[in-house]
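Enquirer: Take this structure, written in structure tokens, and hold onto it; I'll ask about it next.
The values are calculated or read from the model by the stated rules, or taken from the named source; none is laboratory data. Every value quoted in this text rests on a predicted model; they were computed, and no experiment measured them. Cβ sites come from the backbone with ideal geometry, for glycine too, and all protein chains shown count toward neighbours.
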Amino acid sequence: MTHSDPKTAHDAAVLLRAGQLCAFPTETVYGLGADATNADAVLAIYETKGRPRFNPLIIHCADLAMAETLAEFSPLARRVATLWPGPLTLVLPVRPGNGLAGIAMAGLDSVAIRIPDHPVALAVLAAVGRPLAAPSANPSGRLSPTTAEQVRIGFAGRVPVLDGGPCRAGVESTIVRIEGDKLVQLRAGAMSRNAIEQALGVKVAVAPKGTALAAPGMLASHYAPRALLRLNSTPRAGEAYLAFGNGPEFAGPVRNLSPRGDLHEAARNLFAMLHELDAAGADMIAVAPIPDEGLGEAINDRLLRAAAPRD
């Protein structure tokens, strides 16, 4: 290991302001942070993750004032921004001269922004004083990390990580694009469409499948363990099993996302349990059916991407 992990938000900010990478916790998953105004630092994110250059990054802001320097906020966008801090990313038109490295936006005329709802992340952002690009702190296409130890394992100790304990949401942010007077969900996530609609009194449409890559996390094959997945299945001999609710008895490796059928608990456990089953060594993980409602929409989205054919 060529570095020592930062112990405080100030320590992490020193690394980030110097153009280095540093992973830190958010309420969703751990992010691989870099100064979003430093093109070399942002490029290091892509290189470290092995991430395709056409896949844009979410920019994390300390507050709304910082976000407003980066993007154009319509009146509807300001209404949606009342849900910040939180696991919600807004895709907005770029504000000219915003200072962001162009590579962070992957050449698009829009930018994906959020304010995380985690005291450590907010302390790091405040200490840096600049927006941070921070995709999930894992090799591209692999499972997102919900603990500092998973970050260390994923990058073999090459990336400094500020330990803030396990992430409470466990799946990434919901991504919504504002199109005139409409809200369109580009990626399901930790804030359900129902919650957004109830809070704002505005309907949220779902982007059709095959929508152009306008936001992070939209690649077909993503969030994948090394093992293959069979969805909506019961386990067979030699497989591992990711259960939900009351599942069949099974002698192989088993994790239950939520024995009581709680979708919040299931979302929180999803990546951690896939990590654990992957480590058990089975070549196939059977996954129980998950209700496609509320947070189940985000869980099923991640499972479908994890099960997609690999490039």
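Enquirer: Could you check, for region 49-61, whether at least one of its residues is part of a helix (DSSP H, G or I), out of contact with any Phe, Trp or Tyr (no Cβ under 8 Å at 6 or more places or on another chain), surrounded by fewer than 18 Cβ atoms within 10 Å (Cβ to Cβ) and in contact (Cβ under 8 Å) with a residue 24 or more places away in the chain? Give the steps one after another, and end with the answer.
Expert: So the first thing to find is which residues in region 49-61 are part of a helix (DSSP H, G or I), and the list is 49.
If we keep only those that are out of contact with any Phe, Trp or Tyr (no Cβ under 8 Å at 6 or more places or on another chain) too, we end up with 49.
Then keep just the ones that are surrounded by fewer than 18 Cβ atoms within 10 Å (Cβ to Cβ); that gives none.
There is no residue in region 49-61 that is part of a helix (DSSP H, G or I), out of contact with any Phe, Trp or Tyr (no Cβ under 8 Å at 6 or more places or on another chain), surrounded by fewer than 18 Cβ atoms within 10 Å (Cβ to Cβ) and in contact (Cβ under 8 Å) with a residue 24 or more places away in the chain.
Enquirer: Here is a further query. Scan region 45-60 and give yes if some residue there is under 16 Å from ASN98 (Cβ atoms) and among the small types (Gly, Ala, Ser), otherwise no.
Expert: no
Enquirer: Would you point out which residue out of ALA224, ALA207, ALA215 is of a type in the set (A, V, I, L, M), under 17 Å from LEU303 (Cα atoms) and at pLDDT below 95?
Expert: That would be ALA224, the only listed residue that is of a type in the set (A, V, I, L, M), under 17 Å from LEU303 (Cα atoms) and at pLDDT below 95.
Enquirer: Can you pull out every residue in region 172-201 that is surrounded by fewer than 20 Cβ atoms within 10 Å (Cβ to Cβ) and in a helix (DSSP H, G or I)?
Expert: ASN194, ALA195, GLU197, GLN198, ALA199, LEU200
Enquirer: Which residue, of ALA251, ALA169, is out of contact with any strand residue (DSSP E or B) (no Cβ under 9 Å at 6 or more places or on another chain), under 30 Å from LEU108 (Cα atoms), assigned to a loop (DSSP other than H, G, I, E, B) and modelled with pLDDT under 95?
Expert: ALA169
Enquirer: Condition test on ALA9, is it more than 30 Å from HIS264 (Cβ to Cβ) and of a type in the set (A, V, I, L, M)? Outline the logic, then answer.
Expert: Values: more than 30 Å from HIS264 (Cβ to Cβ): no; of a type in the set (A, V, I, L, M): yes.
Spelling it out, it is not the case that ALA9 is more than 30 Å from HIS264 (Cβ to Cβ) and of a type in the set (A, V, I, L, M).
Enquirer: Moving on to the next point. Just checking, how many residues over region 237-289 are over 20 Å from VAL29 (Cα atoms), in contact (Cβ under 8 Å) with a residue 12 or more places away in the chain and among the acidic types (Asp, Glu)?
Expert: 2
Enquirer: Residues in region 240-254: is at least one among the charged types (D, E, K, R), more than 26 Å from ARG51 (Cα to Cα) and either in contact with a helix residue (DSSP H, G or I) (Cβ under 8 Å, 6 or more places away or on another chain) or surrounded by 18 or more Cβ atoms within 10 Å (Cβ to Cβ) (or both)?
Expert: Looking only at region 240-254, we keep the residues that are among the charged types (D, E, K, R), and these are 249.
This time we only want the ones that are more than 26 Å from ARG51 (Cα to Cα), so: 249.
Applying the additional criterion that residues be either in contact with a helix residue (DSSP H, G or I) (Cβ under 8 Å, 6 or more places away or on another chain) or surrounded by 18 or more Cβ atoms within 10 Å (Cβ to Cβ) (or both) yields none.
No, that holds for no residue.
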